[in-house]
Amino acid sequence: MTRAWCFLMVLVGVALALGCTPGDRLHFPSAPTHTDRGATWYDTNHDDRPDFSITHNDAGRLVSLGYDDDQNGEADRRYRLADYADAELPHLIVLIDSIPYAAFKQNIASRPPGVWGVFDEPAKVIAPYPSMSAVCFSDLFDAPPMPGAINKYYDPRPQTNGVTNLINKRLDGYRNPWQQRLHYNIDYRDNTSAWLNPRPWLGVELERARQAFDASPDRTTVVYISSAAAMLMKYGPTGLDETLDELERFLLQVLYERKGAVKISVISETFKNLTETTWIDVEQALEIGGFRVVDSIKKPDDVFLEMDGLLTWFGVHTSQPEAVSQTLLDEIPAIETISYLEGFDVVVRNHQGVARIALAEVKLIYTPEAGDPLDYGEALAGVALTPDEWFDRTAAHVFPAAPPRLWAAFHGQTRNNPQVMVTLRDGTCAGIEWFQWFITPRSTHGGLNQVNSAAVLMTTTRPIEGPLRTGEVMNAIEPGWMPPIVSPAQR
């Protein structure tokens with residue numbers, strides 16, 4: 001297919017996507033009518049007379065809901081949240097893509113307590129590396145490993161020997177293993193529309209999630225809101241603001257309809273850096289170094305680029321990982337870290353130095369060989385620590401728990417990991433060039449640093465002290481619960 005034909009098909013697809021009418025949206029009011037004696041009132045039936053209120057205590061905790069049936073300005077029915085037995089309540093788990101921990105906390109702190117007063121303090125969650133949706137959610141659900149970190153990955157097996165692209169399967173209704181644990185997620189055919197025009201789709205997705213919760217026969221229901229990622233990528237901090245506005249409406253509607261008899265958890269698992277982003281031509285950099293970007297590796301200088309969207313992460317499949325890494329360092333000043341396998345060890349480099357991560361029984365040793373690319377300092381150099389110890393000692397570091405996260409990325413986290421993995425500094429990205437024709441990225445994700453790694457957990461189930469790893473989240477909010485398959489692989 002020629003480039004011109006591809007371009008024409010893209011334009012047709014965009015025209016169709018932007019012309020679609022998505023469907024029903026949330027109907028809870030977008031703002032309260034007034035506050036009176038500690039109660040915040042809403043007009044839920046849009047007849048210009050408030051009929052529902054939420055009341056907070058002096059600490060900002062949401063304690064009761066009021067329903068004014070005769071609309072005389074006084075609540076006729078009140079429901080205290082503390083009167084419900086948690087073990088008897090349905091649990092709604094909302095996975096919302098791309099909300100970063102620090103920005104979320106700052107944004108919520110600037111708002112009235114509103115619905116956020118129903119939650120305990122948010123906990124930080126450190127994601128796997130790369131911080132991509134499929135990787136993070138597979139870890140969250142303890143689902144089988146994905147074949148690749150993104151839809152288009154390289155499978156070196158003789159019967160495949162080349163690029164494998166899940167997009168056609170996804171368009172036909174295929175659901176990845178982690179998606180089979182969801183009661184709602186957007187149809188892949190709608191996903192393009194939502195990415196190009198996310199504002200209306202955010203409300204549509206939340207309404208569909210609400211309907212899925214109503215229809216769910218299970219005590220625990222899991223819904224995933226994908227369009228939040230597009231909101232942050234396209235609109236940056238404004239997109240975060242609008243996303244949290246719509247999420248607040250959704251949560252209030254659920255509380256209103258259930259009379260407060262519900263447990264709620266909100267989890268973000270990939271996260272945007274809220275930084276305006278410039279695209280980098282990685283293919284050109286590799287070609288300058290004498291490599292040839294192909295879909296099937298046959299010669300020593302052939303490489304396959306694993307890139308998706310506009311991200312701070314990309315991978316390279318190659319038989320020469322050290323030479324590829326050196327070429328990329330020579331040609332791309334914006335590289336933050338670059339890592340590859342050497343034997344069984346993971347080598348991590350940047351423009352200032354190189355270090356090695358080696359396994360000693362069940363412990364990992366980070367040994368700087370020139371400089372200190374992860375900036376861990378002398379206290380952690382050459383020290384053998386378990387993955388838990390690395391997490392406890394570095395969760396607040398600029399590169400949180402990097403040795404175990406890098407080790408997992410190269411040792412089985414996905415079935416076909418690239419031999420070289422690269423993270424770019426925030427403010428730069430790699431990926432599909434023509435995405436820029438439709439989206440000027442004001443935020444992106446994927447990397448190893450704190451901003452790209454720290455997500456959010458908020459829950460009403462119990463106070464949770466972070467930080468946590470993604471794989472620990474479900475047991476923290478629902479001890480002993482294993483997310484079952486609730487939707488088929490093909491639909």
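Scan around LEU274 for amide H atoms under 5 Å from its own, H built in the peptide plane at 1.01 Å from N, and keep only partners 5 or more places away or cross-chain.
THR444
What is the Cα radius of gyration of the stretch 108-179 over 2.2 N^0.38 Å, N being its residue count?
Normalised Cα radius of gyration, the stretch 108-179: 1.62.
In terms of solvent-accessible area of protein heavy atoms at a 1.4 angstrom probe, what is the ranking of ILE264, ILE288, highest value first? Each step should come with its number before you reach the end.
On the way: ILE264 0, ILE288 105 Å².
Output order, biggest surface exposure first: ILE288, ILE264.
Binning at 10 angstrom from zero up to the longest distance, how are the C-alpha pair distances of the stretch 408-491 distributed in percent?
Bins of 10 Å from zero give 12, 27, 34, 25, 2 percent of pairs.
What's the extension gain from ALA384 to GLU276 if we count 0.36 nm per residue and subtract their Cα-Cα distance?
Computed gain between ALA384 and GLU276 is 35.0 nm.
Read phi for every residue in the stretch 323-329 and hand back ³J(HN,Hα) as whole Hz from Karplus 6.51 cos²θ - 1.76 cosθ + 1.60, θ = phi - 60°, with x for Gly and Pro.
So the Karplus estimates, Gly and Pro as x, are 5, 4, 4, 5, 4, 5, 5 Hz.
How are the Cα pair distances of the stretch 338-491 distributed, in percent, across 10 Å bins from 0?
For the stretch 338-491, the binned pair fractions read 9, 31, 33, 22, 6, 0 percent.
Name the long-range amide H neighbours of PHE52: under 5 Å, sequence gap of 5 or more, or other chain; modelled H, no Pro or chain starts.
Sorted by chain and number, the residues that satisfy this are TYR42, THR44, ASP68.
Considering only Cα-Cα distances, which of the following residue pairs are longer than 30 Å: LYS263/LYS363; LYS124/LYS263; LYS152/LYS298; LYS234/LYS259? Don't skip to the end; give the middle numbers.
On the way: LYS263/LYS363 38 Å; LYS124/LYS263 20 Å; LYS152/LYS298 19 Å; LYS234/LYS259 36 Å.
Exceeds cut-off: LYS263/LYS363; LYS234/LYS259.
Quick check on the chain: of the DSSP beta bridges with both residues there, what percent are antiparallel, nearest 5%?
75 percent
Under a 1.4 Å probe, what is the accessible area of the chain per residue, stated in Å²?
For the chain, the per-residue accessible area is 42 Å².
Give a residue-ordered list of calculated ³J(HN,Hα) values for the stretch 190-202 (Karplus: 6.51 cos²θ - 1.76 cosθ + 1.60, θ = phi - 60°; whole Hz; x for Gly, Pro).
7, 4, 4, 4, 5, 5, 7, 9, x, 4, x, 6, 4
Given an 8 Å cut-off on Cα distances and at least 6 residues of separation, report the relative contact order of the chain as a percent.
Relative contact order comes out at 23 percent.
For ASP70, tell me the accessible area in Å² from a 1.4 Å probe, rounded to the nearest 10.
90 Å²
Taking 7 Å along the Cα-to-C-beta vector as the label spot, tell me the ARG49-ASP120 distance in nanometres, rounded to one decimal.
4.2 nm
Grab the beta carbon distance between ILE432 and ASP330, set R0 = 22 Å, and tell me the FRET efficiency rounded to 0.05. Walk me through the numbers on the way to the answer.
Numbers: r = 24 Å, r/R0 = 1.09.
About 0.35, to the nearest 0.05.
Starting from the residue with the highest accessible area, list GLU378, GLU433 in decreasing order, probe 1.4 Å.
Sorted descending by solvent-accessible area, the residues read GLU378, GLU433.
Accessible area of ARG170, 1.4 Å probe, to the nearest 10 Å²?
30 Å²
Taking a 1.4 Å probe, which of LYS263, LYS105 shows the most accessible area, and what order do the others take after it?
The ranking, largest first, comes out as LYS105, LYS263.
For the chain, what percent of Cα pairs sit more than 29 Å apart?
I get 52 percent for the Cα pairs in the chain exceeding 29 Å.
Which FRET efficiency, nearest 0.05, do SER30 and LYS299 yield, Cβ-Cβ r, R0 51 Å? Intermediate results must be reported in sequence, preceding the final value.
Details: r = 59 Å, r/R0 = 1.15.
E between SER30 and LYS299, to the nearest 0.05, is 0.30.
How large is ³J(HN,Hα) for each residue in the stretch 42-49, as worked out from phi by the Karplus curve 6.51 cos²θ - 1.76 cosθ + 1.60 (θ = phi - 60°), to whole Hz, x for Gly and Pro?
10, 9, 6, 9, 6, 10, 6, 10
P(r) of the stretch 335-426 in 5 Å steps, Cα pairs, percent per bin?
In order of increasing distance, the bins hold 3, 14, 26, 28, 20, 7, 1, 0 percent.
If you roll a 1.4 angstrom probe over the protein chains with everything in place, what fraction of the accessible area of the chain belongs to carbon and sulfur, to the nearest %?
51 percent
The values are calculated or read from the model by the stated rules, or taken from the named source; none is laboratory data. No experiment lies behind these values; they were computed from the predicted model shown. Cβ atoms come from the backbone with ideal geometry, glycine included; neighbour counts cover every protein chain shown. Areas reflect the complete protein model, heavy atoms only, side chains present, ligands, DNA and RNA absent. Shrake-Rupley method; radii C 1.70, N 1.55, O 1.52, S 1.80 Å.
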